[in-house]
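*Asks:* I have a structure here, written as structure tokens, and I will follow up with some questions on it.
The numbers here are math on the coordinates, done by the rules we state, and not lab data. Source: prediction; values computed, not measured. Note that each Cβ is placed from the backbone with ideal geometry, even for glycine, and that neighbours are counted across all protein chains shown.
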Amino acid sequence: MKKQRLFTPGPTMVPEDVLLEMARPMQHHRTGWYREMHEEVHGLLQYLFQTKAMCLTFTGSGSSAAEAAIVGCCPTGHKALVIDNGKFAERWVEVCKTFAIDHTVLSLEWGRGADANTVSSAMDADPKIDTVIVVHSETSTTALSDVAGIAGVTRDRGALLIVDGITAVGAIPVKMDEWGIDAYITGSQKALMLPPGLAFVAVSDRAWERIDSGTTPTLYNDLKAYRKSMKTFDAPYTPAVSLMRGALLVLRIIKERGLEDVWAETSLMARATRAAAAAIGIAVFAKDPVDSVTALLVPDGVAEPALRKMMREKHGFHIAGGQGEIKGKIVRFSHMGYVDAFDTLGAISAFELTLMELGYKFDVGAGVAAAQRTLAGK
Ligand SMILES: Cc1ncc(COP(=O)(O)O)c(C=O)c1O
């Protein structure tokens, strides 16, 4: 069996200790044991999101909590601005359509992130907008939006800001209270180094006021039901008990290490990968690149399916392709979670070997050397 290294931007690799923790015997959730665990997870989530706000843990993938936040924060009588700069942003437009939420879409070129000026102009043009929905790290295009800047605009105007932080939280700087975010969402299978199945959302007091004023029908993905259970650190439905055990362990690990250190390492892996690409003549796709995942343009003459197949089957590195209109044009390498310098150098080396075998002409080894210089701070 070939050793597999998961370099996809979710799911990501899960540390061995966390896998073992999740394999421990099942316990019941309507118990003091579960409530204590949930209370500790809650405190650690507040650290992760850098907030004093209530943090809810949903059973479901990231989209479950994102849908709940959008539906809850956009009741009738309110209007949302959805920044659409990729595949995941498109999903939040779909949520607005599905739940008949009054909204307007601001489309950006793929690979670009949103900034304060763009959001400010869109809000000037339509004074009914009182909610902004933005993806912090748009995983499909690997673009970074300036969430801190956008929050300055929404705060000044008394609007709510909902942020999809699914590949941002635990990977790049996220400061919910300092910036003034109202709902921040993430999922377990990205920077949190867990299997898929949990979604987390931190909800500000301002957002709760809006949520409490609304009457949009929801049942399973209902923020209010989760909030009610939080009084006793319970869950409204059977929670994913084993995943919660894993969450407690990873969150303790992240806290012990310190978020600044985690953010710095993620950034270093991204910079090493971008330096490697530049050294072998491969372009980075995003004009506003994020550090949690890097998209590289597949060079002319190289078939993307063959590239990814060879990376996976011959060299054991599972990287992701593109989605939507950039399918076949890019490959993506994750830098989130349980991935270190030697994993990253291995991925770059495997990428070079694959490109060489597929006939791309370049200075073999230049990518690995450039990455090593970046890692050494040279
Ligand atoms: C930025 C972003 N938003 C939303 C999602 C959807 O999350 P999930 O598949 O966990 O529902 C993803 C998943 O890759 C993502 O990267």
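*Asks:* Tell me which aspartates and glutamates have Cα within less than 16 Å of LYS329's Cα, excluding those fewer than 8 residues away on the same chain?
*Replies:* GLU109, ASP300, GLU304
*Asks:* Let me ask something additional. Compute the distance from the alpha-carbon center of region 3-37 to that of region 273-323, in whole Å.
*Replies:* Taking the Cα centre of region 273-323 as reference, the centre of region 3-37 is 29 Å away.
*Asks:* Obtain the nm distance between the two label points defined at ALA23 and PHE233 by a simple spin-label model: each point lies 7 Å from its Cα along the Cα-to-C-beta direction.
*Replies:* Using points 7 Å along Cα→Cβ, the separation is 2.8 nm.
*Asks:* Here's something else I'd like to know. So for region 16-257, taking the charge dipole from beta-carbon charges (+1 Lys/Arg, -1 Asp/Glu), which of THR238, SER213, LEU108 sits furthest toward the positive end?
*Replies:* Most positive-ward Cα: THR238.
*Asks:* Can I ask one more? Taking 1 over the mean of 1/r across every pair of different Cα atoms in region 295-354, what Kirkwood radius in Å do you get?
*Replies:* For region 295-354, inverting the mean 1/r across all distinct Cα pairs yields 11.9 Å.
*Asks:* Would you mind checking LYS255/LYS309; LYS97/LYS327; LYS255/LYS327; LYS79/LYS224; LYS287/LYS378; LYS190/LYS378 for any pair whose Cα atoms are more than 27 angstrom apart?
*Replies:* LYS255/LYS309; LYS255/LYS327; LYS190/LYS378
*Asks:* A further question follows. Looking at region 5-34, which chymotrypsin sites (Phe, Trp or Tyr not before Pro) are DSSP coil and have at most 12 other C-beta atoms within 10 Å of their C-beta?
*Replies:* Taking region 5-34 and a limit of 12 other Cβ atoms within 10 Å, no loop chymotrypsin sites (Phe, Trp or Tyr not before Pro) are found.
*Asks:* Just to compare against my own numbers: the Cα pair-distance distribution for region 209-250, 5 Å bins, whole % per bin, please.
*Replies:* 5, 18, 22, 21, 17, 7, 7, 1
*Asks:* Where in region 255-277 is the amide nitrogen less than 16 Å from a point lying 7 Å along the Cα-to-Cβ axis of LYS52?
*Replies:* The answer is none.
*Asks:* Also: When the Cα centres of region 152-226 and region 343-372 are compared, how far apart do they sit, in Å?
*Replies:* What the calculation gives is 39 Å, centre to centre.
*Asks:* Could you pull out the trypsin sites (Lys or Arg not before Pro) across region 1-64 that fall in loop regions by DSSP (anything but H, G, I, E, B) with no more than 16 other Cβ atoms inside 10 Å?
*Replies:* Values: sites: LYS2, LYS3, ARG5, ARG30, ARG35, LYS52; in loops: LYS2, LYS3, ARG30, LYS52.
Within region 1-64, the qualifying trypsin sites (Lys or Arg not before Pro) (loop, at most 16 other Cβ atoms within 10 Å) are LYS2, LYS3, ARG30, LYS52.
*Asks:* OK, next. Hey, what's the Cα Rg ratio for the chain versus the globular rule of thumb, 2.2 N^0.38 Å? Don't skip to the answer; put the middle values down first.
*Replies:* Values: Rg = 20.9 Å, N = 378, 2.2 N^0.38 = 21.0 Å.
In units of the globular-protein estimate, the chain measures up at 0.99.
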